[in-house]
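Beneath this line is the structure, given in structure tokens, with notes to follow.
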Amino acid sequence: MIRDDLGTHGALLRDHSFSPDNADKVWYLPTPSGNTIEEYRTMGDFAAGNVLTTYRLPGSAGSGGMAWWGQGHVVYNNALYFQRFPDCLSYRYDCSNEKAQIVRYDFSLRAFTALQALPTAQLSHWAAGPSYVYLAVDAGSVLAIGVSNDTFQLTKLNANDLSVEEVIDTEFTDTSSNMPPFIACGKFYSTLPYRIFQLGPPSQTNLTLDLTTKQKDTSTRACYCLASVGRRYFSINSRENKVYTVESNALVSYDVTFGGSYLSETATCDV
């Protein structure tokens with residue numbers, strides 16, 4: 001456990017790059033939508049609540065501007081990438097034709113340096129509400145995971161200017177399981193609870209897509225021993241080999257191993 005006094009709606013972020021300048025820093029976004037980012041010198045400082053500095057984005061949720069939306073953000077090379085709070089929600093018009101927008105905010109400059117509307121990811125329904133976009137870093141690019149016409153769409157973005165490098169249609173239907181998809185080691189994973197009608201561990205993959213070869217695997221059910229209670233915040237950092245998530249109103253982290261064998265059944269999970 002890292003902290004248990006912050007609730008379940010925030011997002012804890014570490015830099016995905018291997019720059020030694022940011023290796024120890026922590027950023028925290030305390031709400032699913034907002035405009036104030038907290039920076040901590042180390043994880044120990046975050047656990048103790050010792051804020052190093054704050055960044056305030058223009059606007060706030062419900063008022064336009066550049067507030068973030070969701071919990072699927074990433075930090076890469078000292079810049080924050082996030083989904084912008086949609087104008088259709090700020091000004092209360094129909095969101096059906098609205099495209100998700102991704103923003104790059106440079107911490108060093110304290111300025112926005114890029115904005116990109118995703119070509120396919122619509123603000124369609126994701127579980128209980130309009131979809132959040134989940135962001136990931138892979139092979140030096142930022143990838144946005146969204147939904148269009150109920151299927152997962154991946155948009156590969158240039159990490160500097162957010163220009164679109166590739167759009168990947170997974171042709172795979174979102175299961176509306178309220179389980180965040182994720183990307184690790186060049187592969188996209190869609191997940192769902194192992195016990196569909198029971199809130200409890202573990203979870204399992206129902207799609208693995210190789211981002212290079214585009215080969216899809218829907219038959220393998222790789223299990224991982226995390227409770228399948230609906231969680232929007234599920235952050236994998238491959239630099240640290242860690243997962244950050246929320247359990248029982250506490251921010252927690254898990255050490256993970258990428259590659260190698262996987263669990264095909266749940267007997268080894270401590271349930």
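Among the residues of the range 156-167, those identified as assigned to a strand (DSSP E or B) and either surrounded by fewer than 20 Cβ atoms within 10 Å (Cβ to Cβ) or in contact with a Gly (Cβ under 7 Å, 6 or more places away or on another chain) (or both) are Lys156, Asn158, Val164, Glu165, Glu166, Val167.
Considering only the range 81-89, I want to know if a residue exists there that is at pLDDT below 85 and outside any loop (DSSP other than H, G, I, E, B). Within the range 81-89, one or more residues are at pLDDT below 85 and outside any loop (DSSP other than H, G, I, E, B). Quick check on the range 231-247: of everything there that is under 17 Å from Val133 (Cβ atoms) and either surrounded by fewer than 18 Cβ atoms within 10 Å (Cβ to Cβ) or of a type in the set (A, V, I, L, M, F, W, C) (or both), which residue is modelled with the lowest pLDDT? By that ranking, first place goes to Arg231.
Cβ-Cβ contacts under 7 Å between residues 6 or more apart (or on different chains), taken from a first residue in the range 82-97 that is over 30 Å from Asp15 (Cα atoms) to a second residue that is modelled with pLDDT under 85 and not in a loop (DSSP other than H, G, I, E, B), are listed as Asp94/Cys88; Cys95/Cys88; Cys95/Leu89; Cys95/Pro130. Only one entry in Pro130, Pro181 is surrounded by 22 or more Cβ atoms within 10 Å (Cβ to Cβ), modelled with pLDDT under 85 and under 16 Å from the mean Cα position of the chain (by Cα), namely Pro181. With respect to the conditions (1) over 22 Å from Ala250 (Cα atoms); (2) among the β-branched types (Val, Ile, Thr); (3) buried (at least 18 other Cβ atoms within 10 Å of the Cβ), Val74 lacks only one, and its number is (1).
Out of Ala11, Ala100, one residue alone is in contact with a His (Cβ under 8 Å, 6 or more places away or on another chain), closer than 19 Å to Pro180 by Cβ and among the small types (Gly, Ala, Ser). It is Ala11.
The values are calculated or read from the model by the stated rules, or taken from the named source; none is laboratory data. What you see is a predicted model; the values in this text were computed from it and never measured. A quick note on method: Cβ atoms are made from the backbone with ideal geometry, for glycine too, and the neighbour counts reach across all protein chains shown.
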